[in-house]
Each structure stands twice: as C-alpha cells, then as structure tokens.
Amino acid sequence: MRVERIGNATLYLADCRDVLPTLTGIDAVVTDPPYGIAFRSNYREIRWPAINGDDNVALLSLASEIPVTHSRYIFCRWDEMRLLPKPRSVVIWVKNNWSMGDLEHEHARQTELICFYPGSAHYFPTYRPTDVIEAARTANDNHPTEKPHMLLCAVLEWTAGTVLDPFMGSGTTGVACARLGRRFVGIEIEPRYFDIACRRIEEAQRQGDLFTSLPPAEDPADVRMRDLWADPE
C-alpha cells in the first residue's frame, strides 16, 4: 500500500476493500465504480488497459453500501439498477454524445445514471437540485471512463463534509474537491491511474486559490453548467 497526502487530500494506492475498514469520518461518497461490463476503450493513440475489477458487479454493489453520514452518489448504467439497493432518487447525466450499441434495435444511449442514497444526517447544502444534469463528456485523456470535472463539481455541491472516492481512477473527484476546498480521500488500485491522479490533484491544490478568486473559464460546457445551476429569479 502506498499513501500520498497532498494538501487536504489523502490518496491510497491499494485495493479499496483493504482500506475501507480502516477509514473513519467519511461524510459522503461520490464515485464511478467498475460497472461489471469488461469495458475496453476504442482504438486511439493511447489504448487504455482493461479496468481492474470490471468483470463483475461486486464493486458496484460495494460502493452503494459504504457507511456515510451525509450521502452517496454512485454512477451506474441503466441495466444495473436492479442489482443495487433501491436509491432514494436517480440523477440522469445527459452527455453531448451517445453510444454505438445495437444500431438497429436499441435507442442510442446519451445518458448515465447517478444513484443517490441519503445518509442519516443528509441535507441539501444549497437548494434542492433537479434530477437531470447536462455536462459535455471528456476526451478521456487521463482514463477510459473519465468524468468531466464540472459534472463532479456540481454533484459535490449536493454533499457536505469529507468526500471519499474508493474508485478514484485519474482523480477527477479529487480535482473537483480541490476546486471547492473540500477534504478528499481517494483510493485507486492501478498504479498508472494513481500517479495521474496524484499529479492532477497536486496541480489543482496549487491552483486552489486562483479558482476561488478568478471568474470561471468561458468554456461552453462551463457556461451551460453555470446556467443550469443558477438560482431561479
């Protein structure tokens, strides 16, 4: 096991099943666990390896049951919900692209789901959010299933306290926590992704003061996200 402490982030290179029993003081889980679909990325300049633990749904189920005080937000596919405990609600992430799949007998999938499980001390830190969120997907430059940091920033604003991502991947949840000044605990089993996460989170921690003092970049995805979560008039 390797442990790195970067600002208010504690990162473990380990199997989360070995680390989780040792953790205390976790308020929220925000994570994108292996879906159990043996995902492999399409051919590109960088061909990512198979995702560790993605040959079954055991880790997806594990993520949905981690004890927390505030909340759990678990990314999943529509056809896996029957395998999970019933969530209190389901958030739909609408992307700016869609999957290939069955071109003749299946609607093109443009969404992923985020199952929401409130903890015993749950409350919405700002206002009550809706169950649909739009965010442009990434180019997967750091991980084959990389999530956009603006999406994670939005989800984190629905949570409170210390955030855990037991399937940290390339560290996007940790980057979002750095931007929001939140304490973060991340676990990743693959050394290649762990090193990427350490680098990205360290860069985000260094720039944290800039994020709080400068206006957001006028990226179209950022603009849409700000408009979406603007307070109603």
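Fully extended, how many nm does the chain gain between Phe124 and Ser89 (0.36 nm per residue separation, minus their Cα-Cα distance)?
Length gained between Phe124 and Ser89: 11.2 nm.
When the chain is fully extended, how far beyond the present Cα-Cα distance does Asp102 get from Glu65, taking 0.36 nm per residue of separation?
Fully extending the segment from Asp102 to Glu65 adds 10.1 nm.
Any idea how far apart Arg109 and Arg82 come out in nm if each label point goes 7 Å out from Cα toward Cβ?
Placing both labels 7 Å along Cα→Cβ, they lie 1.4 nm apart.
Taken together, the values in this text are just the output of simple stated rules run on the coordinates, not laboratory data. All figures in this text were calculated on a predicted structure; none of them were measured in a lab. Positions of Cβ are generated from backbone atoms using ideal geometry, with glycine treated the same way; all protein chains shown enter the neighbour counts.
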